[in-house]
């Protein structure tokens, strides 16, 4: 009997979004994000709990694992790291840079040591961070060859990679290196605008409100470079390692950026037109450079296919600019282009590249997280003696009726989503029509900034009637225009500039969610619903029924449907009366 090939992929060492994935004999079984289990957003710790989940899903023990691959390699680009260490010989500079490099190296050492201890029979290997990103997207694509862009804040030392992948091989064509980083530059502007690291999506949302008043000035900061991918004037930024006195937790922009653009916004200060214009101008420059990079890669490879991955791949505005202007015919995205996807990429690197398997591991659905049976949910209800609960015959139909009545509901079904977007299994849902719903959900439920937009989930075969989408958008990674004749109809999901970030829903991918939207369509004539992630500001998306129930009672949600059970907050509920 042939031995099972059990591959565990791990993301650990990058500084956020620790995760794990498991393949058994070339079949993807599960992907776990550590934050969902620990309830620590962007958790950086070794993914013990998500590994436990993956093994449980596969019905295996650590001794059964044959290969482990970690998407972080302490030995790559060593020469560049040490030349950076000695770029000046001041005591403070050497001390700060040495400390910075030691943090990067120690994380990799700890990750390998933990893997060897946990998996005694496994061969443990490491793969460069950006190659793991590339593997996550290319090896799940339908392409036999493809151009690939991977870009983020920072890997071990590389910050971006342009590649041409064929069969099982990946050829890196251009690489950018720290401290020149497209992702960290966006973070520097995120700090300038008064937000925290990992809040870059807020800047993207804010950009819709502004004018392009500062485009020429921001073009002084960053330019496309055929040799380095992008050239960044480092005098405008000061992330760790650039400035000898720079420590973690400080703003990434320098005083020179404030001289260029004016004083930075401090946390808690009002957002005025100036900051809206800076956000809009930044996004415009990023769109321009993103298109230039993609066009250049098209010329290098001659490919008609493009895979986009890495944390910058979450920028849906830039993604759409590339799709419309770069000249490729076919595009591929995964639901987690951020570092959580590195675990999948590391596992695929072993399966496809190291083991030379020609078969692909398709990512046909985004639902690879934990799931709970109705019996398990019932047990939770009985254990804590929840009273205001009704068992439903048709949860999708009931949910649609509630939405049509103007209610806002928590929707918890099936396996959790892989990636940062709620895609109909861990979602807060509402009617997409009333404009005031944006303010209601932001203030009463999500407790977040009023300028933040909400996404629509739309029946796939109706998407083209409402949105300017060149193709389907199953993972909310493309921001497009809402058709002008529909903007006044679906005001709650139309952003201030007439855009939206739709999720196209197919019946074969999520039949229950499709049924919900279809029922809403039958009642209202509108084939889409408002969808936002089931969490509140500062927390990860809910993972277990207990998380959903706690969120329900702590917010202004009207109803909660977990599996086939409807939760309400009083026995005189208007729907149940």
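Nothing in this text is a laboratory measurement; each read-out follows from the coordinates by a stated rule. This one's a predicted model, so the numbers in the text were calculated from it and none came from an experiment. Here the Cβ positions follow ideal geometry from the backbone for every residue, glycine too, while neighbour counts run over all protein chains shown.
Structure notes:
- If R0 is 41 Å, the Cβ-Cβ spacing of residue 489 and residue 269 corresponds to a FRET efficiency of close to 0.70.
- Each of (1) -0.40, -0.53, -1.24; (2) -0.50, -0.62, -1.10; (3) -0.51, -0.65, -1.24 is a candidate for log10 I(q)/I(0) by the Debye sum over Cα atoms at q = 0.07, 0.08, 0.12 Å⁻¹; the one calculated from this structure is (1).
- Inter-centroid distance (Cα atoms) of the stretch 376-439 relative to the stretch 489-568, Å: 7 Å
- The stretch 131-265 shape via C-alpha gyration tensor axes, a/c threshold 1.5: prolate
- Beta bridges per DSSP, both residues in the stretch 62-202: antiparallel share near 80 percent.
- DSSP beta bridges in the chain [antiparallel fraction, %, rounded to 5]: 70 percent
- DSSP-defined antiparallel bridges as percent of all bridges, the stretch 374-567, nearest 5: 75 percent
- Available extension along the chain between residue 536 and residue 382 is 52.9 nm, counting 0.36 nm per residue and deducting the alpha carbon span.
- Over the chain, DSSP H runs of length four or greater, each weighted -39,500 (n - 2.57), average out per residue to a 222 nm ellipticity of -10000 deg cm²/dmol.
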